[in-house]
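The values are calculated or read from the model by the stated rules, or taken from the named source; none is laboratory data. These numbers were taken from a predicted model, which means no experiment stands behind them. A quick note on method: Cβ atoms are made from the backbone with ideal geometry, for glycine too, and the neighbour counts reach across all protein chains shown.
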Amino acid sequence: MENEFLPRRVRIEETKMMTSLEKWFKLDAQLDFKPGQFLEISVAGAGEAPISICSWNGVEICVRKVGRVSSALHQREKGDFIGIRGPYGNGFPMKEIEGEKLILVAGGLGMAPLRSVLQYVLKNRKKYGEVTFFYGIKCLEMMLFRDELLKLMEEENVNLHIAYEIEDEEIRNLKKRFPERFHKGMVTTLFEKVKVNTESFVVVCGPPIMYKFVLKKMEELGFYKERIYMTLERRMKCGTGKCRHCVVGIGSSSKLICRDGPVFSAIDAELIRELV
Amino acid sequence: MKFLKLKKDQIEDFFDSIHSFGIVYAPVKSDGKISFRRAQNFSDVSLEYTRSQIPPKHVILPMEEPILKFREEEYFEVVDDENKVLLGVHHCDIIAFKMLDEVYLQPPKDIYYHERIKRTLIIGLSCIPDNYCFCKATNSFYTSDGFDIFLHDCGDFYFVRVATPRGLKVTENSKNLFEKVDEKDMELFVKAEKERFERVKGKNLWMIGDLIELRDENFWKIFSERCLNCGNCTLVCPTCQCFEVYDELEEDLKSGNRFRRWDSCMLRAHGLVADGHNFRERTEERLRNRLSCKLGEMRCVGCGRCTVYCPTGIDILEIVRALKE
Ligand SMILES: Cc1cc2nc3c(=O)[nH]c(=O)nc-3n(C[C@H](O)[C@H](O)[C@H](O)COP(=O)(O)OP(=O)(O)OC[C@H]3O[C@@H](n4cnc5c(N)ncnc54)[C@H](O)[C@@H]3O)c2cc1C
Ligand code: SF4
Ligand code: SF4
Ligand code: FES
């Protein structure tokens, strides 16, 4: 019988430090997955942690060092092995969004799952309307996938804007190179600086605190709730609906984020208490 | 269903006969408390009991168990293939297993739970309710499935229900111990069940899920201020499913075991994520979450354990009363 808890051994093909905290890994794995799904990453001796797939072309992850598993993972290099389970979760409704305009809103590490959406959309570019990407960072030093994103700014495919909190010399130079693309403030300020179509679909990922602000902003601007999708984080131990760590909501409307999510709409946020 | 009769003076022989079907776990009394343990001799077993402190859940879902062995990044499963007999399980605890089945057997199946439950012969036993029981309210007063054999105490005999082919095999294996039931036995069975029914307090849980959601923080604080965050209430609950997973390395620092262990939503670390953010930081949030899981989602069998074993007397029915006030 298939044992869902048995990790598959995969080889690390490539790694790169993205920032002082985040490390990127390319895995030698063949997987059928959807943008927004996640893996349970296993490091023998350290344990398991849920990590989003941050790519569409191949299987890549981007991991912030915060605890036991992520620290052990940071010690792994090209050619080493790790374990994976999954993919788990529902993922973003990419089919439903086809033919429509799309705005991606990422805060910090929220870039990881949204990069998968971005790569998917670029791969299927003709199927989608105008694509806008809002990315909020603390400072340039914390910007993930920097080279890739700056390259994207030079192209016409995606309308990419960055909100930053701390300005430095480098940001000032980038502002000169890419006028109107870097804005000081939180990611929500980009909605004031950049003209957006409120009929767009929106996909959001960021730290827990970010969702409330983003949802409030969208409501003010008159976006459709059923077109706003967020991917949420909880403390997950199994990824399969068994350990109940990721429970949210009260009574019959409660959900397990790993099984029923991690992607939920702003409508869900109305019906499920404390979802965001 | 097949109905039979087992005289009480035959129960010891019956007990001896079931060992051929697996390792027998039965209610055993020690330090004045009942718990389900391996039982070799009938003299160790207490069939007349109100509730075990720890429910029989741990026989199928151990408090702590290795789920994998690993050597570097190679993982190997560790599966328990022991045949077991779980004797003396009350209605509520059987219904609790049915609730756990819904969780653990739902795809993707949890093979650890599945392998154990399918290798376990369950022999139910009618209970002796007390004032803490409220199984009528949770619809878990009586069960018609979830067991192989069920023994109903009718004074000097057990009225026996046989529900599965496996159960039938067990009774046929010791044919000489069982008798056919007649009209009189049936009447005594109904009488015994009626008496049991009278002993359980009537309670009504309608609206409870909505009330749990509607009440604000101040409501929960009345109770949570007394809470020690000890997790006893979840430890003794037959329907609690939460577990934690962790690895332990051997001395070579390369191989080791991955374990899982019961966890409690009443403990602070249950909802903790990176950056120290906690989705259920305060005790009142955790208490409300527990009540939501148990009474809001109807995953409670009314066994009363959480009230009986709470060191500060936080009473689930008192919360119900207050919710409705
Ligand atoms: C769907 C999903 C997708 C995710 N995607 C990504 C991703 O792409 N990249 C990424 O980097 N992260 C991602 N995460 C987050 C990641 O899973 C967590 O940060 C995870 O905890 C890391 O595991 P760890 O073992 O390294 O940390 P842990 O050792 O679990 O520690 C994490 C934090 O929890 C706290 N903590 C844990 N246990 C205790 C305890 N017993 N007592 C006190 N404090 C404790 C610590 O404060 C620590 O900061 C995702 C999470 C989810 C749910
Ligand atoms: S919540 Fe309390 S009464 Fe209900 S099943 Fe659990 S321990 Fe028993
Ligand atoms: S047993 Fe009582 S004191 Fe302990 S966590 Fe539960 S409610 Fe709180
Ligand atoms: S992570 Fe275990 S139930 Fe969701």
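Observations on the model:
Conditions tested, residue by residue: (1) more than 26 Å from B:K136 (Cα to Cα); (2) at pLDDT below 95.
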| residue | (1), (2) |
| --- | --- |
| B:W206 | no, yes |
| B:L211 | no, yes |
| B:R215 | no, yes |
| B:K221 | yes, yes |
| B:G256 | yes, no |
| B:L272 | yes, yes |
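- Any hit, segment A:50-61, residues being aromatic (F, W, Y), assigned to a loop (DSSP other than H, G, I, E, B) and either facing chain B (nearest Cβ under 8 Å) or surrounded by fewer than 19 Cβ atoms within 10 Å (Cβ to Cβ) (or both): no
- With respect to the conditions (1) out of contact with any Gly (no Cβ under 9 Å at 6 or more places or on another chain); (2) closer than 23 Å to B:F70 by Cα, A:P50 lacks only one, and its number is (1).
- Selection status of A:V117, more than 16 Å from ligand 2 (Cβ to nearest atom), in contact with a helix residue (DSSP H, G or I) (Cβ under 9 Å, 6 or more places away or on another chain), free of Cβ contacts under 8 Å to residues at least 60 places away in the same chain and among the β-branched types (V, I, T): no
Residue-by-condition table, conditions (1) within 13 Å of chain B (Cβ to nearest Cβ); (2) surrounded by 23 or more Cβ atoms within 10 Å (Cβ to Cβ):
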| position | (1), (2) |
| --- | --- |
| A:E77 | no, no |
| A:I84 | yes, no |
| A:P87 | yes, no |
| A:F92 | no, yes |
| A:E98 | no, no |
| A:A106 | no, yes |
| A:L109 | yes, yes |
| A:S116 | no, yes |
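- Residue ID - surrounded by the fewest Cβ atoms within 10 Å (Cβ to Cβ), chosen from residues in segment B:247-283 that are charged (D, E, K, R) and part of a helix (DSSP H, G or I): B:D275
- Residue within segment B:279-294 that is closer than 21 Å to A:L275 by Cβ, within 8 Å of chain A (Cβ to nearest Cβ), out of contact with any Ser or Thr (no Cβ under 7 Å at 6 or more places or on another chain) and within 16 Å of ligand 1 (Cβ to nearest atom) present: yes
- The sole residue among B:S43, B:S35 that is of a type outside the set (A, V, I, L, M), free of Cβ contacts under 8 Å to residues at least 40 places away in the same chain, out of contact with any Pro (no Cβ under 8 Å at 6 or more places or on another chain) and away from chain A (no Cβ under 14 Å) is B:S43.
- Among the candidates A:M218, A:M186, A:M210, residue that is aliphatic (A, V, I, L, M) and within 14 Å of chain B (Cβ to nearest Cβ): A:M210
- Taking the criterion of being in contact with an Asp or Glu (Cβ under 7 Å, 6 or more places away or on another chain), on the phi < 0 side of the Ramachandran plot and more than 9 Å from ligand 1 (Cβ to nearest atom), the residues of segment A:41-55 that qualify are A:S42, A:A44.
The rows are residues; the columns are (1) within 14 Å of another protein chain (Cβ to nearest Cβ); (2) over 23 Å from B:I95 (Cβ atoms); (3) assigned to a loop (DSSP other than H, G, I, E, B).
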{"residue": "B:G146", "(1), (2), (3)": "no, no, yes"}
{"residue": "B:L151", "(1), (2), (3)": "no, no, no"}
{"residue": "B:G155", "(1), (2), (3)": "no, yes, yes"}
{"residue": "B:G167", "(1), (2), (3)": "no, no, no"}
{"residue": "B:N176", "(1), (2), (3)": "no, yes, no"}
{"residue": "B:L188", "(1), (2), (3)": "no, yes, no"}
{"residue": "B:K203", "(1), (2), (3)": "no, no, yes"}
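- Elements of type strands (runs of 3 or more DSSP E) contained in segment B:1-102, each with 3 or more residues being of a type in the set (V, I, T) and out of contact with any Cys (no Cβ under 7 Å at 6 or more places or on another chain): B:23-30
- The C-beta contact set for segment A:240-268 (first residue among the aromatic types (F, W, Y), second residue crowded, with 21+ Cβ neighbours inside 10 Å and not in a loop (DSSP other than H, G, I, E, B), distance under 7 angstrom, 6+ apart or interchain) comprises A:F264/A:M230.
- Residue match in segment B:237-253 (condition: within 14 Å of chain A (Cβ to nearest Cβ) and under 24 Å from B:K324 (Cβ atoms)): yes
- Leading residue by the ranking (surrounded by the fewest Cβ atoms within 10 Å (Cβ to Cβ)) among those in segment A:188-222 that are touching a Phe, Trp or Tyr at 6+ places or on another chain (Cβ under 9 Å), of a type in the set (S, T, N, Q) and farther than 23 Å from A:M142 by Cα: A:T198
- The residue that is farthest from the other protein chains (Cβ to nearest Cβ), among those in segment B:98-135 that are under 24 Å from B:A192 (Cβ atoms) and without any contact (Cβ under 8 Å) to a residue 60 or more places away in the chain, is B:G124.
- Which listed residue, of A:S52, A:S42, is within 16 Å of ligand 4 (Cβ to nearest atom) and either among the aromatic types (F, W, Y) or within 19 Å of A:V105 (Cβ to Cβ) (or both): A:S52
- Against the criterion of being touching a residue at least 12 places away in the same chain (Cβ under 8 Å) and either part of a helix (DSSP H, G or I) or outside the structural domain of B:Y49 (by TED's automatic domain parsing) (or both), B:E193 qualifies.
- Of the residues making up segment A:102-143, those that are assigned to a loop (DSSP other than H, G, I, E, B) and within 17 Å of A:G185 (Cβ to Cβ) number 3.
- For A:G91, the conditions (1) within 16 Å of ligand 4 (Cβ to nearest atom); (2) not in a loop (DSSP other than H, G, I, E, B) all hold with the exception of (2).
- Here segment B:55-74 is the region considered, the condition is being crowded, with 22+ Cβ neighbours inside 10 Å and facing chain A (nearest Cβ under 8 Å), and the residue that is farthest from A:D80 (Cα to Cα) is B:L68.
- Residues that are among the aliphatic types (A, V, I, L, M) and closer than 23 Å to A:K216 by Cα within segment A:236-276 comprise A:V248, A:I250, A:I257, A:V263, A:A266, A:I267, A:A269, A:L271, A:I272, A:L275, A:V276, listed in sequence order.
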